Amino acid sequence: MNQEIYIFVKRNKTMLFSAWLVALCGILFSCDSFVDTDQPNSQLTSSAVFESKATAEAAMTDIYAQIRENGIITGKLSGIGNLMGNYSDELIAYETGSYSSEPFYNNSILASNALISSMWNSAYNQIYAANAVINGVDNSIALAVADKSQLKGEALFVRALNHFYLVNIFGDVPYVATTDYKANSVATRMTTIEVYNKVIADLKVAIDLLPQDYVSANRVRPNKATAQALLARVYLYTGAWSEASNMASAVLNNESLYVWDENLDNIFLKESTTTIWQLAPAYEGHNTEEGMVFIFSSGPPPTVALTNELMSSFTAGDLRKSHWTLAVTDGTDTWYHAFKYKEKTDTGATTEYSIIFRLAEQYLIRAEARAQQGDLIGAKEDLNKIRHTAGLTDTSADNASDIVDAIIKERRLEFFTEHGQRFFDLKRTGKLDAVIGNKLGWNSSDSLWPLPQSELQVNPYLKPQNPGY
Amino acid sequence: MQSPHQQNQINGTVTDGTNPLTGVTISIKGKRNSTVSSDFNGQYILSATATDTLLVSFIGFKTAIVPISGRKIVNVQLQEDITSLQEVRVNAGYYTVKESERTGSIAKISSKDIEKQPVTNILAAMQGRMAGVSITQETGVPGGGFNINIRGVNSLRTDGNAPLYIIDGVPYSSDPISYRQTSTTIPGESNPLNSINPSDIENLEILKDADATAIYGSRGANGVVLITTKKGKAGVTSFTINTSHATGTVTRMLDMMNTQQYLKMRRQAFANDGITTYPSNAYDVNGRWDQNRYTDWQKELTGGTADILSMQGTVSGGSEQTRFLLSGNYRTESTVFPGDFLYKKGGAHLSLDHKSESNKFRISFSGGYTAQKNDLPWTDLTLLSRNLAPNAPALYDAQGNLNWENSTWQNPLSNLEGKNRSETYDLVASTLMTFQLAKGIEFKSSFGFTDLSSDASRTAPSTMYNPAYNYGSEYSSIFKNTLGRQSWIVEPQLNWHSAFGRSEIDVLLGSTFQNQQTKTRIEEASGFTSNSLIYDLTSASYLSVESDEMLVYKYQAFYGRFNYTFSNKYILNLTGRRDGSSRFGPGKQFANFGAIGAAWLFYREKWIENNVSFLSFGKLRGSYGTTGNDQIGDYQFLDTYSSSGYEYQGVHGLQPLRLYNPNFGWETNKKLEAAFELGFLKDRVMLTTAWYQNRSSNQLVGLPLPGTTGFTTIQSNLDATVQNNGLEITLRTINIQKPNFNWTTSFNLSVAKNKLLSFPGLEGSPYKNDYVIGQPITIRKLFHSTGINPQTGIYEFADINGDGQISYADDRETVRNFSPKYFGGLHNQFTYKGWQLDFLFQFVKQLNFNFASTQGYAGTFRNQPAEIVNSWTQPGDNAQYQIYTSGVNQEAMQASEYYAESDAAVSDASYIRLKNISLSYDLPQEWLKIMHCKISLQAQNIFTITSYKGADPEFREAGFLPPLRIVSAGFQFTF
């Protein structure tokens, strides 16, 4: 055997030499740098994003674009303007199938509903992006102080806004204030009160950080009053009447920015002076998703129409019926659609933006808060402001409870198809069963939507599911 | 008298006793450069002296030694040599090895089997023919994909189980090229092998065990598919033309309710819900639609016949030094949907080989170019065809226009207005240069290049919408996806072979440098001035670039092989590889892989030779080693923002791209194998039994995350181990071997088991509801159906945790496994004179979800399988299916969803399918003097024996078009 090895080495000198050559080549080329790649040209590191005002703002305003396209309050069919409209008594669904408005209209949604999981996921995705902005701004060296305040204020506002809707739709939900996925992946449900406390805390900081004036044209980025408007609504929903009244006043008193307009046809135009915050369209010339979704020109309607219950609740002479709804008929049947936004398609220049907060709500918040505190005169004054604009006379309600009822009724006619206001009003005043209990699929437990089934499956700590699902 | 040294022209014919043999090598013993080969008639011509001796050799036949003995015409009849199959060299990627001496597990399919099948994708031709390789077709739509698993599912990541594809030495990326918005008709990813014309393939090998795959290191974990394209043969230039015409139809339809059954269900549903006035949108029952109309929508929408035309021409020839092959092919396939849709594929393939006179320098080039154009409707109509109410209105009105029945339905044919188009151009070229440096030492290097470009679009023109809505072309929109991918690879290698004493050594050292660059751009545009300008994005009033990125993937490796054979009986094979991949973060890029394999050819032992005479072959082999997996996508370790594709105030938004984890690393896969190969009765019976066990650990997964994290997934390593083990048996017998009649049978059987060995922390992880330790990773956790509550008529389920309610998170504890228990194929071949008949049965033992998983709640505005008529109507009913609801009985709807995820929705989907029949006839030479003609009839998916409650049992993608039954007739001319 030894002999064989000896012969082997002797015979194969060339081979051994070549092997040595290949090994040498290998070592020369083997520098690890061959497999190092540059950062891809379409990506920026997270830290770099927050060292320039332009990119930091692009990170922030993208969240508004996400809200516009996929958020809970998107004007598309998947937003609560449509879904909650169907779920309560504003809209009737003509489309069918489980990925449509139909199960919402039937009040028979299931935990597996894809619209619900995408709503949940996109809300938390926007919350993640907001938290990333907060982190990025906090760690930024180059950003100016004023820009940092503006951006952080906006991010806190967005975080609060999303949690506000989540807690109203789903009940107890996790409040996510970090980008740490390990903590967030085992998030547990926080009580509604705790969530509200955190929303309030975020909004207070946001109000401090945000400037009085808008930083951009057309009121498309939140200012101080936007955060105040949301906080006023939060106080209203939580029954903190004096805080609600004060916060609404803080907005209403800002008369240099917000001017009441008696012409109903102006309210939903992009220049409206009663708008507090609106979303810029996807591109110049595009109008609102709401207009696209709700307006139809022939019947039967392709997707949804206003319910007869809603149409018959307008009293004679209510200008909102003639200005904000429209009848479509095929000769035999008549259907109505929301006509707050007039443009269904693109126009040369955009005329309408999707409005999220507007002044009328602040009047009605203050009216209700005043009534609850016994300030009946102040309450009626605010309520009548809205009624007059709608061409109606003063309210006939005379005691606190009647005034509150009148306000809720007024809110229905004022805010129909606007981000589920109707459903949330019925819910917070305990009137769901009484008002929509006659719908066939309705159960008392339907006041909360189910947590997405997929979410419960991947996070064992999120239990329990809401009752009834 | 002639001088004995005078050169004479010798000619003759080589046959196998019946038919002429083409491409047979004829040389003169002891004379260099004397080799010629026989032409398509089996004829040859060469110059020799009267005393020379001819050596006539051909693969699969015994070499004949024929003295010329002064003759001018020397006809040779070759004897088929079964044993010699053991001498065939098998491609193992970086090296080849004699079939008898291989230490690894390699399965092979050759052009002989491929060309009998009328398929577009080579993977379809492999179904049922290879042990351990499970292939399912994902759609019957042309250009669609296949799912391939070699020895089971190793990775918890669903997109991490693709094998490595290598075409003539060039790795061919299986990274997806499609984008969900522009690939709406084809489920999953389109398979990269669609770019390879099956008839250009000479051999396809699948490397399965560690011994064979470890040399591919990080990319070998899921097996390696090696494709070798056809090469030219020296000799007379031959031309071959193949042409065929085939038709395709759906194999099985689902038995749906007719109008009477359907309307009865609907009326009952409303009655059950307490609704007496039918809602205004219930057009099917409220009187808006004709209640007597009936349309079989499956027949109407998917019952067409697909036409498949194919044509191929090949020229091949050359001298002993230089050989060439050039082929071109063209194929068109239409769909079973209504409307004119066509899949077109054309390509060219060139192979050149040259060797120097001294044989010391060899170069070979192989290049293939394929163009595919696919024109499909924007959606697969299959699901729609099963959902439409049977009394839905007519498709066309009296004027021949699409009928919208006063806006009460979405005419299904409106879907044909939207188009899903794609064009893919693909070039794969490789060059291999070999220098013989000294005796036994070779330096070689391969250079490969691939260039793929793809353009896909999906349009939604305004003509898709009901004209009553007055939508003009300002509503038309398009999604467009443009992709370009180039890669190059250089692989210098050194081979050394030496024999001394009774020892033989083979050593291979090599390295790889690979770079792949992918550019993608995704655009969305809407608002066109005219629908005919929809493909011109400059005419769009709105154009958004959703993403525009360039991804770079770099890969580097060093590998080696040491093979030692002692006394022709004992073989040891060591392979190893060190790999670096840019897909991992700094410090995690490199990893080592290696394997040891050994074989013992015991039939060569004297004591066997002397005592066990019926044993003609016997080998015991085994291997153990590690391989890896880096199929995770690029740049996943970076914390970055990228453009979201949305604008706000004219500014393009930036969004966080992902949750990032800089610390993930290689997934490792340990493979163990032992096999026993036996040949009996002069190898007329060959039996291989292989047992394997693969364990995958440090699982690299896209960890599913709850939405509260802001994302749905993060790349991360899991401390989980998955084991695949199984038994593979292949048996080949030559039942009858007569001069004019042959009958051979091949059988393969794979029994596979998958098991999650360990998963620390499973209970608290997102995988809690997906996996169970000790069970396969292909399971689903399901509710246990306990029947119907006779009082309420609603499905009931076992309340596992006893909390009084049924929940997805806690009550799905019934486990069903969806990977096949065993599968295989039985292939028989008969040849009689010029006739050849082949048929292949494929069988699979498995479970699958049945129609209950896709049909939704019975009673709503959509059709149901006929079986659902047997449903509960009143208390006391003992029905199989629950109470109907029109869509308001939430409890029943919820139960229906639970039912769809219960053991009742799973049924046996085992099947035996006559996968392929091929009958061909070689026209006798006398009939056509100038050419050789072969006629063939082929069919695929002919019939299926199954008890499956659904459409096609092979098929896993519910709601898409199942694979088609294809019947084809073809001609081949060679001259």
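Brief remarks on what is shown
- Checked against the criterion of being of a type in the set (D, E, K, R) and either part of a loop (DSSP other than H, G, I, E, B) or under 12 Å from A:Arg358 (Cα atoms) (or both), segment A:242-261 contains one or more residues that satisfy it.
- Residue match in segment B:564-572 (condition: at the interface with chain A (Cβ under 10 Å from one of its Cβ atoms) and in contact with a strand residue (DSSP E or B) (Cβ under 9 Å, 6 or more places away or on another chain)): no
- The set of residues from segment B:541-557 being β-branched (Val, Ile, Thr) and facing chain A (nearest Cβ under 7 Å) comprises just one member, B:Val552.
- Residue list for segment B:324-362, restricted to those being more than 31 Å from the chain's Cα centre (by Cα) and in a strand (DSSP E or B): B:His354, B:Lys355, B:Phe361, B:Arg362
- Among residues of segment A:167-180 that are within 18 Å of A:Arg233 (Cβ to Cβ), those with a Cβ under 6 angstrom from a residue that is in a helix (DSSP H, G or I) and not aliphatic (A, V, I, L, M), sequence gap 6+ or separate chain, pair up as A:Val167/A:Thr192; A:Asn168/A:Phe424; A:Tyr175/A:His163; A:Tyr175/A:Lys198.
- Members of segment B:808-853 that are under 30 Å from B:Leu383 (Cβ atoms), among the β-branched types (Val, Ile, Thr) and more than 25 Å from the chain's Cα centre (by Cα): B:Thr814, B:Val815
- Within segment B:526-546, the set of residues being of a type in the set (D, E, K, R) and outside any loop (DSSP other than H, G, I, E, B) comprises B:Glu546 only.
- Pick from segment B:234-258, criterion surrounded by fewer than 20 Cβ atoms within 10 Å (Cβ to Cβ) and outside any strand (DSSP E or B), ranking: modelled with the highest pLDDT: B:Asn258
- Options B:Glu549, B:Glu523: the member that is in a strand (DSSP E or B), among the acidic types (Asp, Glu) and within 30 Å of B:Val490 (Cα to Cα): B:Glu549
- Within segment B:586-632, the set of residues being more than 35 Å from the chain's Cα centre (by Cα) and among the acidic types (Asp, Glu) comprises B:Glu605, B:Glu609.
- Test: residue in segment B:763-770 that is at pLDDT 90 or above and not hydrophobic (A, V, I, L, M, F, W, C): no
- Number of positions in segment A:427-469 that are in contact (Cβ under 8 Å) with a residue 12 or more places away in the chain, away from chain B (no Cβ under 12 Å), not small (Gly, Ala, Ser) and not in a loop (DSSP other than H, G, I, E, B): 5
- In summary, strands (runs of 3 or more DSSP E) completely within segment B:783-877 and bearing 3 or more residues that are more than 20 Å from B:Ala909 (Cβ to Cβ) occur at B:785-788, B:795-797, B:822-832, B:835-845.
- Of all residues in segment B:647-668 being within 9 Å of chain A (Cβ to nearest Cβ) and touching a residue at least 40 places away in the same chain (Cβ under 8 Å), the one that is surrounded by the most Cβ atoms within 10 Å (Cβ to Cβ): B:Pro656
- Residue match in segment B:827-844 (condition: over 24 Å from B:Ser385 (Cα atoms), within 12 Å of chain A (Cβ to nearest Cβ) and surrounded by fewer than 20 Cβ atoms within 10 Å (Cβ to Cβ)): no
- Test: residue in segment A:357-373 that is crowded, with 24+ Cβ neighbours inside 10 Å, of a type outside the set (S, T, N, Q) and more than 27 Å from A:Val259 (Cβ to Cβ): no
- Within this structure, B:Thr259 passes the test of being more than 14 Å from every other protein chain (Cβ to nearest Cβ), of a type in the set (Val, Ile, Thr), closer than 22 Å to B:Asn870 by Cβ and in contact (Cβ under 8 Å) with a residue 12 or more places away in the chain.
- Against the list (1) out of contact with any helix residue (DSSP H, G or I) (no Cβ under 7 Å at 6 or more places or on another chain); (2) assigned by TED's automatic domain parsing to the domain that holds B:Gln127, the condition B:Pro766 fails is (1).
- Under the condition of being among the polar types (S, T, N, Q) and more than 28 Å from A:Asn184 (Cβ to Cβ), the residues counted in segment B:669-723 number 7.
- Unmet requirement for B:Lys299, which otherwise passes all of (1) over 29 Å from the mean Cα position of the chain (by Cα); (2) basic (Lys, Arg); (3) surrounded by fewer than 19 Cβ atoms within 10 Å (Cβ to Cβ): (1)
- The set of residues in segment A:197-220 that are acidic (Asp, Glu) and crowded, with 23+ Cβ neighbours inside 10 Å contains only A:Asp202.
- Strands (runs of 3 or more DSSP E) fully within segment B:607-719 counting 3 or more residues that are under 30 Å from B:Leu574 (Cβ atoms) and modelled with pLDDT of 90 or more: B:615-629, B:667-680, B:685-697
- Single unsatisfied condition, A:Glu290 versus (1) away from every other protein chain (no Cβ under 13 Å); (2) surrounded by 19 or more Cβ atoms within 10 Å (Cβ to Cβ); (3) over 27 Å from A:Lys439 (Cβ atoms); (4) not hydrophobic (A, V, I, L, M, F, W, C): (3)
- Cβ separations smaller than 7 Å between residues 6+ apart or across chains give the following pairs from segment B:467-484 residues that are within 23 Å of B:Thr529 (Cβ to Cβ) to residues that are assigned to a helix (DSSP H, G or I) and small (Gly, Ala, Ser): B:Tyr471/B:Ser462; B:Gly472/B:Ser462; B:Ser473/B:Ser462; B:Tyr475/B:Ser462; B:Ser476/B:Ser462.
- Failed criterion for B:Gln882 (all others in (1) closer than 30 Å to A:Tyr469 by Cβ; (2) free of Cβ contacts under 8 Å to residues at least 24 places away in the same chain hold): (2)
- Among the residues making up segment B:383-432, those that are surrounded by fewer than 20 Cβ atoms within 10 Å (Cβ to Cβ), among the hydrophobic types (A, V, I, L, M, F, W, C) and under 28 Å from the mean Cα position of the chain (by Cα) are B:Leu383, B:Leu384, B:Leu427, B:Ala429, B:Leu432.
- Complete set of residues in segment B:368-402 that are over 22 Å from B:Gln261 (Cα atoms) and of a type in the set (D, E, K, R): B:Lys373, B:Asp375, B:Asp380, B:Asp397
- Residues considered: B:Leu537, B:Leu494, B:Leu508. Of these, the only one that is of a type outside the set (Phe, Trp, Tyr), touching a strand residue (DSSP E or B) at 6+ places or on another chain (Cβ under 7 Å), more than 8 Å from every other protein chain (Cβ to nearest Cβ) and over 24 Å from B:Thr424 (Cβ atoms) is B:Leu508.
The values are calculated or read from the model by the stated rules, or taken from the named source; none is laboratory data. Note that the coordinates shown come from a computational prediction; the quantities given were computed from them, not determined experimentally. Don't worry about glycine lacking a Cβ; one is built from the backbone with ideal geometry, like all the others, and counts go over all protein chains shown.
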